[in-house]
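All remarks here apply to the structure that follows.
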């Protein structure tokens, strides 16, 4: 074949490939330009290991959202650094709606603890779970009430396990110490399960963790929950007082929202937030969350945004930022 003719065929082929590639990109990005969204799979980033409470909430929500969006949602776990690894990854993704993430309360905490995490880098799409903090002691502990435990701190430091440095449960320990004046020493573990196990085994005086982590041990008699730090008592912990009822007006805990990198096209945001609201309203989702002792929520982005900003300011105060 003549060299010039061969070259022309090659250029034609490359041009065709380029046209197809541009067409594919236009199709995927079409939502921002009036096209239909979604037209492909969505990735949901969870900043924790698989199997935990946050992962369960995210996966259950994803399953329900798939029905209304008529597409697959692939859950991707990126754990580490008290959630900072996954959150940092999410913030750096394109704001096209095809990558979303589970936003835990640590989203508004980590930036006040030296991590390069900025709450403004995320666009909340709705809150779907609340996780009040609890404090518990080993079943054979001499401390029968929250006041018993805090009074004992006058004679020496009380050790309190939590799910890790930078976690909401470490922050809850700090908040309780500040409110009560008690000397509480946070003892970080790699997750809520080992923190609870340490308390069951008597390695620490107490543990602060979420209801879903302490209520099973309370039910089987290996832990005794002294208080739940919420505005209302928990149905999962019958007879356990709130912090205020126990004499210490502390309300603190985790929460979970779905979010995306900031800068979403309004139409894409509306589609995703509507799917979040629909999924959070299903009996399947509410049952999974409630059965763990946590509280199912269904808060719109517009109503959640002010709370998100208030929480950011609150933790700035807790961590002295």
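FYI, it's all coordinate maths here, none of it is from the lab. All of these numbers come straight from a predicted model, not from anything done at the bench. FYI the Cβ positions are ideal-geometry reconstructions off the backbone, even for glycines, and counts take in every protein chain you see.
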- Query: What FRET efficiency, computed as 1/(1 + (r/R0)^6) with R0 = 35 Å and r the Cβ-Cβ distance, is obtained for residue 283 and residue 151, rounded to the nearest 0.05?
  - Reply: 0.20
- Projected label distance in nm at residue 245 and residue 309, using a 7 Å step from Cα toward the beta-carbon: 3.5 nm
- Message: If you average 1/r across every pair of different Cα atoms in the chain and take the reciprocal, what Kirkwood value do you get, in Å?
- Response: 21.2 Å
- Note on the structure: The whole-number value in µm²/s of the Stokes-Einstein translational diffusion coefficient for region 49-157, with Rh from the Kirkwood sum over alpha carbon pairs at 37 °C and 0.692 mPa s, is 194 µm²/s
- Query: Helix 3-28: angle to the longest alpha-carbon principal axis of the chain, degrees 0 to 90, nearest 10?
  - Reply: 40 degrees
- Task: Treating the angle as unsigned and between 0 and 90°, give the value, to the nearest 10°, between the Cα long axis of helix 266-280 and the longest Cα principal axis of the chain.
- Result: 50 degrees
- Query: Against the longest alpha carbon principal axis of the chain, how many degrees, from 0 to 90 and to the nearest 10, is the axis of helix 301-318 turned?
  - Reply: 50 degrees
- Query: So if we plug the beta-carbon distance of residue 178 and residue 300 into 1/(1 + (r/R0)^6) with R0 = 45 Å, what FRET efficiency do we get, rounded to 0.05?
  - Reply: 0.90
- Pairs of Cα atoms under 8 Å, at least six residues apart: use those to get the relative contact order of the chain, whole percent. 24 percent
- Using Cα-only point scatterers and the Debye equation, what is log10 of I(q)/I(0) for region 131-229 at each q in 0.15, 0.24 Å⁻¹, rounded to two decimals? -0.47, -1.32
- Mind giving me the nanometre distance, one decimal, between the label points for residue 274 and residue 140, set 7 Å out from Cα along Cα→Cβ? 6.0 nm
- Per-residue ellipticity at 222 nm attributable to helices in the chain (runs of n ≥ 4 DSSP H, -39500 (n - 2.57) apiece, nearest 500 deg cm²/dmol) works out to -13000 deg cm²/dmol
- Item | Packing rank of 252-259, 128-135, 111-118, where each peptide gets the mean count of other beta carbons within 10 Å, highest leading | 128-135, 252-259, 111-118
